Ligand SMILES: [Zn+2]
């Protein structure tokens, strides 16, 4: 007999669904591409009902990690890259569709941070900034070993910190956001405007060309990681914390990303004495961090209520 949670990870380009049990085993994974011409919620609802019908044991509830911004007080979300959802009441939608008592919403990067803190690279760290660097850039905070939502659920909205108020216009409406320099698609786009050519103009191709010594690719990745380093050091300095765990597709490019990032972070932090020995770590949970973190949201809430006491004794929780 298992306790199982439906975990929902809403990113910029896809929505991942999965069942997660109390030992963090992931099953029944399903991915839905985000395309604005289709009714995204209907498709999510249909597959969620189908997956929950296959729960083998107790269905505990739904954990959601979503791209921001979110609005915790109303359980609604307005992901920058999903324009059809503006203040979309996803918590009520799941509550009604699945008749679930517990539906817990967090930012996707906060879900990632919680997963890495409980089970991955951030174990044993009291204060932690978790960051996902991918199609977009998100941040989530663990402070004093607790998830920190902020007033509305958007704490450390780091992708949309501006680092250049005369910079590139961002999809969010501001100028010079970290994301406009350092997300995977933006780095590929900036390289294209400087004459870089590729059969598949993605960040993966850009990183490959940088490894082969392409000067434009190296330059753009250097600038992107510098922008990221400024955002990271600003955030760590604001909070006086020293550990950051980074995951997401861009971070999986290896040394071609990590080496300039480490140099720029060191350089940006060198004037701030309390930021000596910053601890930059790579995520350990790989692609399942999003759904595991989403599930931990609901499991933590139930634990806090002491409704399922034996969960407290599970390995790794
Ligand atoms: Zn922005």
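The values are calculated or read from the model by the stated rules, or taken from the named source; none is laboratory data. Quick caveat, the model's predicted, so the values are computed rather than measured. Quick reminder, even Gly has a Cβ in these numbers, built from the backbone with ideal geometry, and neighbours come from all protein chains shown.
What to note about this one:
- Flag for residue 25 being within 21 Å of the chain's Cα centre (by Cα), closer than 26 Å to residue 133 by Cα, at pLDDT below 95 and away from the ligand (no atom under 16 Å from the Cβ): yes
- Selection status of residue 106, buried (at least 17 other Cβ atoms within 10 Å of the Cβ), at pLDDT 95 or above and within 12 Å of residue 63 (Cα to Cα): yes
- Pick from the stretch 116-134, criterion out of contact with any strand residue (DSSP E or B) (no Cβ under 7 Å at 6 or more places or on another chain) and assigned to a helix (DSSP H, G or I), ranking: nearest to residue 236 (Cα to Cα): 118
- Scan of the stretch 106-129 for residues that are farther than 21 Å from residue 20 by Cα and touching a residue at least 60 places away in the same chain (Cβ under 8 Å), ordered by number: 125, 127, 128, 129
- One residue stands out in the stretch 58-92 among those that are part of a loop (DSSP other than H, G, I, E, B) and in contact with a helix residue (DSSP H, G or I) (Cβ under 6 Å, 6 or more places away or on another chain): the one that is surrounded by the fewest Cβ atoms within 10 Å (Cβ to Cβ), namely 75.
- Filter result for residue 113 (assigned by TED's automatic domain parsing to the domain that holds residue 62 and not in a strand (DSSP E or B)): no
Listed here are the residues, each with its yes/no results for (1) touching a residue at least 12 places away in the same chain (Cβ under 8 Å); (2) over 25 Å from residue 67 (Cα atoms); (3) within 15 Å of the ligand (Cβ to nearest atom); (4) surrounded by fewer than 17 Cβ atoms within 10 Å (Cβ to Cβ).
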site: 156; (1), (2), (3), (4): yes, no, yes, no
site: 177; (1), (2), (3), (4): yes, no, yes, no
site: 194; (1), (2), (3), (4): yes, yes, no, yes
site: 201; (1), (2), (3), (4): yes, no, no, yes
site: 232; (1), (2), (3), (4): yes, no, no, no
site: 242; (1), (2), (3), (4): yes, no, no, no
site: 251; (1), (2), (3), (4): yes, no, no, no
site: 257; (1), (2), (3), (4): yes, no, no, no
site: 260; (1), (2), (3), (4): yes, yes, no, no
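- Residue 298 meets the conditions (1) out of contact with any strand residue (DSSP E or B) (no Cβ under 9 Å at 6 or more places or on another chain); (2) touching a residue at least 24 places away in the same chain (Cβ under 8 Å); (3) assigned to a helix (DSSP H, G or I) in every case but one. The failed one is (1).
- Within the stretch 252-279, being closer than 23 Å to residue 206 by Cα and outside any helix (DSSP H, G or I) holds for one residue alone: 254.
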